[in-house]
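The values are calculated or read from the model by the stated rules, or taken from the named source; none is laboratory data. Nothing here was measured: the structure is a model prediction, and the numbers come from that model. Glycine gets a Cβ as well: all are built from the backbone with ideal geometry, and neighbour counts include every protein chain shown.
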Amino acid sequence: MSDNIISISNLVKRYGDNVAVDHFNLEVKNGEILGLLGPNGSGKTTTINCLLSLLKYDRGDIQIFGKPMAPDAYDIKSQIGVVMQNVAVIDTLNVYENVDFFCGLYIKDKNLRKKYVEEALEFTGLTDYKKYKPKKLSGGLLRRLNIACGIAHKPKLILFDEPTVAVDPQSRNAILEGIKKMNRDGATIVYTSHYMEEVEELCTRVVIMDHGKNVASGTSSELKSSLINRETIRIGLPNKSPEIIADLKEINHVYKVLEDGNDVVIKCDGGEHNLVHVLSYLSDNNIPFGHVTTELPTLNDVFLEITGKELRD
Amino acid sequence: MFVRIFLYKIKELTRMRSIVGWNFLFPLVLATAFYVGFGNLIKEDPDTFKTIDVGYVNTNSQDSPFSELLEELSKETDEHIQVLNVQSFKDEKSASKAMDDKKISGFYLENGDKINTVIKENGLASTTLNQIVRAYENAKFQLEEITTNHPEKIEQAIKLQSKDLNLMKEHSFGNNTSRYLQYFFALIAMSSLFSSWISTSMLNGICANISEGGKRFECAPANKLVAVAAGTLAGMLIQSVSNAIVVIYIQYVLNINIGIPLGETILITTIGSGIGIAAGTLIGSLLPNPKYHVVVPLLFSMTCSFFSGLMWDQIKQLIQYKCPIINKINPAALITDSLFIRATYGRTDTYIQNIIIMLSMIVGCLFISSICLRRRKYVSL
């Protein structure tokens, strides 16, 4: 068996004339946390539904654990955990019963299941809420219950579809720490989110989807290094003049200088000491300046550059 | 897997307020409302058969076959209620006194070969008492004729006479025939069909094209049809218990005699629950959008119940006259019809036919549903 836990090749899914997934390819290696990013409607959830064999697709091949995925591939399904985008729990069952019910679909042995359920509750910090009905839980606790239901059976592959939507920072932090721990314990994780900082913090590799295609992939650093803009320096210059602007453009690695009110925004395409060079020029020429900030590119910049800044549905 | 899902579905469904309210409490409230409206009319309905207190005076020195017939009609069995409550008197005078004191409706005076029926007032009781003597004398005459002229056919004749006697018990003295009882039968039918939204709720957690919970379920290594079967059985059990509670409430708390042995009433209502559950499963499998999962079963239950006489007891007769096929495909009409026929005429061919149609409907709905629900991959979610 290859090292790939998931292999998707040439996946095509159409809804009428609309191509939701367009010859999409993906490989997820054992032990990695893969971030699947994309704007709304880019085809992330459709891809996950196809991956789980819930959706029919028009073309392509999906293999999980080296075997073709199918609705009745129970041996594969038994090793997968799914945390849905929307909370998928049963309102009339309490926290313990919910986790026990879903865990019971995977684990038949009663004692083992009990152990797993207790561990999942402890892992998600829900032990004190065992007897609570979902409606009594806060948004964060409910999300944690959603996770507990998806991971209690200790799957080898876990798919998280935007698990931290509408969650407060404390709960989000707890969820992310939990995911890291699951990965350390050996689970391979596919994580979709709109929160770039989460993906940057969590994922060992990132795939960006747009219009159903794989438009970029790599580690966070690799993706950032693909950007032209590598550093943005903003300086308050009340006495700026066309000559000063022209001089700034001459500094090594500066490729663009923009005026923004009393500020000047300097964009650099590389180099390691750009700020030092800019400040040296100002000080050598006795040009007074105010505040100075510098920003390195983020995954968000990569995402916006690749997918565009226009609003999506 | 089956047992676990079955037990969890029971837990899940019995904790749903809508099910507790509509399937358990609402029928009891409606039964109480009907009781307030027609309870006394049923109890005082002149058409309602009541056991007849009758006296028996035998001036002959030995027991007669007629006394054996009276003894048979004094028993209550699964087939018929107790027709007669016979009290023996030594002489005509003491029997007349008991009749004057209204302890008995009338009495039979057997003297030699002759049996006289002595009654004080005309009515259902007097007609019944006369009918019994007439039937007995006809049978006796025919047997004597055959014994004399065709002794070889005596065995066959006895068999026929015995069948005639059974028919008399089942048909003439079936049970409760009050027209107002129809409302309670229609209520039981409505309650049975209310189980249709138990099914749609049950499917909600199993099918990926209905809910997120369904998606999670279908991601698990669990056989979907086993889960649907477990859920269907759980729903049917819940509704059968609810129906049994309604029947017991009507019979023993409201004290309205349904006229059918309790076990058999529960059997009919359990089949009714099966129809409701099967219909709901079919609705859920054909209409995956959850926003229809209460509206459509509600419309289905109320429409069927309306045409079975829930709001106007004559509508079923009107349909029977104009378009009888509707009564044969309306599950609520089949349930009320089965209850009515069983209460009035006993286990007739029509009763058996209705039961078979209902069972066929259950099998048919579940079969079509299973074809629709077998699908594990969807075109869209």
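Descriptive notes on the structure:
- Residue match in the stretch A:28-36 (condition: surrounded by fewer than 21 Cβ atoms within 10 Å (Cβ to Cβ), within 20 Å of A:Lys156 (Cβ to Cβ), out of contact with any Cys (no Cβ under 9 Å at 6 or more places or on another chain) and within 13 Å of another protein chain (Cβ to nearest Cβ)): no
- When A:Gly125 is tested against (1) buried (at least 24 other Cβ atoms within 10 Å of the Cβ); (2) on the phi > 0 side of the Ramachandran plot; (3) not β-branched (Val, Ile, Thr), only condition (1) is not met.
- Here is the figure for the stretch A:51-86: residues that are under 26 Å from A:Ala148 (Cβ atoms) and more than 7 Å from every other protein chain (Cβ to nearest Cβ) total 11.
- When restricted to residues that are within 8 Å of chain A (Cβ to nearest Cβ), of a type in the set (D, E, K, R) and either more than 19 Å from B:Asn223 (Cα to Cα) or surrounded by fewer than 18 Cβ atoms within 10 Å (Cβ to Cβ) (or both), the stretch B:1-18 contains 3.
- Criterion applied to A:Ser217, A:Ser221 was being surrounded by fewer than 13 Cβ atoms within 10 Å (Cβ to Cβ) and not in a loop (DSSP other than H, G, I, E, B), and the one residue passing it is A:Ser221.
- The single residue among B:Val296, B:Val247 that is under 19 Å from the mean Cα position of the chain (by Cα), more than 14 Å from chain A (Cβ to nearest Cβ) and in a helix (DSSP H, G or I) turns out to be B:Val247.
- Of the criteria (1) under 23 Å from A:Met84 (Cβ atoms); (2) among the aliphatic types (A, V, I, L, M); (3) more than 16 Å from the chain's Cα centre (by Cα), which one A:Val190 fails: (3)
- Filter pass, B:Ser301 being under 26 Å from B:Phe34 (Cβ atoms) and polar (S, T, N, Q): yes
- The sole residue among A:Val190, A:Val165 that is among the aliphatic types (A, V, I, L, M) and surrounded by fewer than 20 Cβ atoms within 10 Å (Cβ to Cβ) is A:Val165.
- Scoring A:Phe101 on the criteria (1) within 22 Å of B:Lys9 (Cα to Cα); (2) buried (at least 22 other Cβ atoms within 10 Å of the Cβ); (3) more than 13 Å from chain B (Cβ to nearest Cβ) leaves a single failure, condition (3).
- Any chance B:Leu129 is modelled with pLDDT of 80 or more, under 31 Å from the mean Cα position of the chain (by Cα) and over 30 Å from B:Tyr35 (Cβ atoms): yes
- Only listed residue being surrounded by fewer than 17 Cβ atoms within 10 Å (Cβ to Cβ) and not in a loop (DSSP other than H, G, I, E, B), chosen from B:Gly263, B:Gly231, B:Gly274: B:Gly263
- Residue match in the stretch A:19-39 (condition: more than 16 Å from the chain's Cα centre (by Cα), more than 18 Å from A:Thr204 (Cβ to Cβ), free of Cβ contacts under 8 Å to residues at least 40 places away in the same chain and in the same structural domain as A:Glu162 (by TED's automatic domain parsing)): no
- Selection of first residues in the stretch B:353-381 that are within 14 Å of chain A (Cβ to nearest Cβ) and of second residues that are of a type in the set (Val, Ile, Thr) and surrounded by 15 or more Cβ atoms within 10 Å (Cβ to Cβ), restricted to Cβ pairs under 6 Å at least 6 apart or on distinct chains, gives the following pairs, ordered by first then second residue: B:Leu373/B:Val228.
- Scanning the stretch A:155-172 for residues that are closer than 17 Å to A:Gly104 by Cα and without any contact (Cβ under 8 Å) to a residue 40 or more places away in the chain gives no hits.
- Pick from the stretch B:267-317, criterion at pLDDT below 90 and among the β-branched types (Val, Ile, Thr), ranking: nearest to B:Gly364 (Cα to Cα): B:Val294
- Residues in the stretch B:225-261 that are in contact with a Leu (Cβ under 8 Å, 6 or more places away or on another chain), over 20 Å from B:Gly37 (Cβ atoms) and at pLDDT 90 or above: B:Leu225, B:Val228, B:Gly231, B:Thr232, B:Ala234, B:Gly235, B:Ile238, B:Ile245, B:Ile248.
- Some residue of the stretch B:114-125 being in the same structural domain as B:Met99 (by TED's automatic domain parsing) and part of a helix (DSSP H, G or I): yes
- When B:Leu310 is tested against (1) in contact with a Phe, Trp or Tyr (Cβ under 8 Å, 6 or more places away or on another chain); (2) buried (at least 21 other Cβ atoms within 10 Å of the Cβ); (3) part of a helix (DSSP H, G or I), exactly one condition is not met: (3).
- Residue in the stretch B:208-219 that is away from every other protein chain (no Cβ under 14 Å), outside any helix (DSSP H, G or I) and in contact (Cβ under 8 Å) with a residue 40 or more places away in the chain present: no
- Summed over the stretch B:204-215, the residues that are within 35 Å of the chain's Cα centre (by Cα) and modelled with pLDDT of 90 or more give a count of 1.
- Pairs linking a residue in the stretch A:207-225 that is under 19 Å from A:Cys268 (Cα atoms) to a residue that is of a type outside the set (A, V, I, L, M, F, W, C), with Cβ atoms under 7 Å and 6 or more positions apart or on different chains, are A:Lys224/A:Pro297.
- For the stretch B:328-381, residues that are polar (S, T, N, Q) and either under 30 Å from A:Thr46 (Cα atoms) or not assigned by TED's automatic domain parsing to the domain that holds B:Ile271 (or both) total 3.
- Residue match in the stretch A:166-187 (condition: touching a strand residue (DSSP E or B) at 6+ places or on another chain (Cβ under 9 Å) and not in a helix (DSSP H, G or I)): yes
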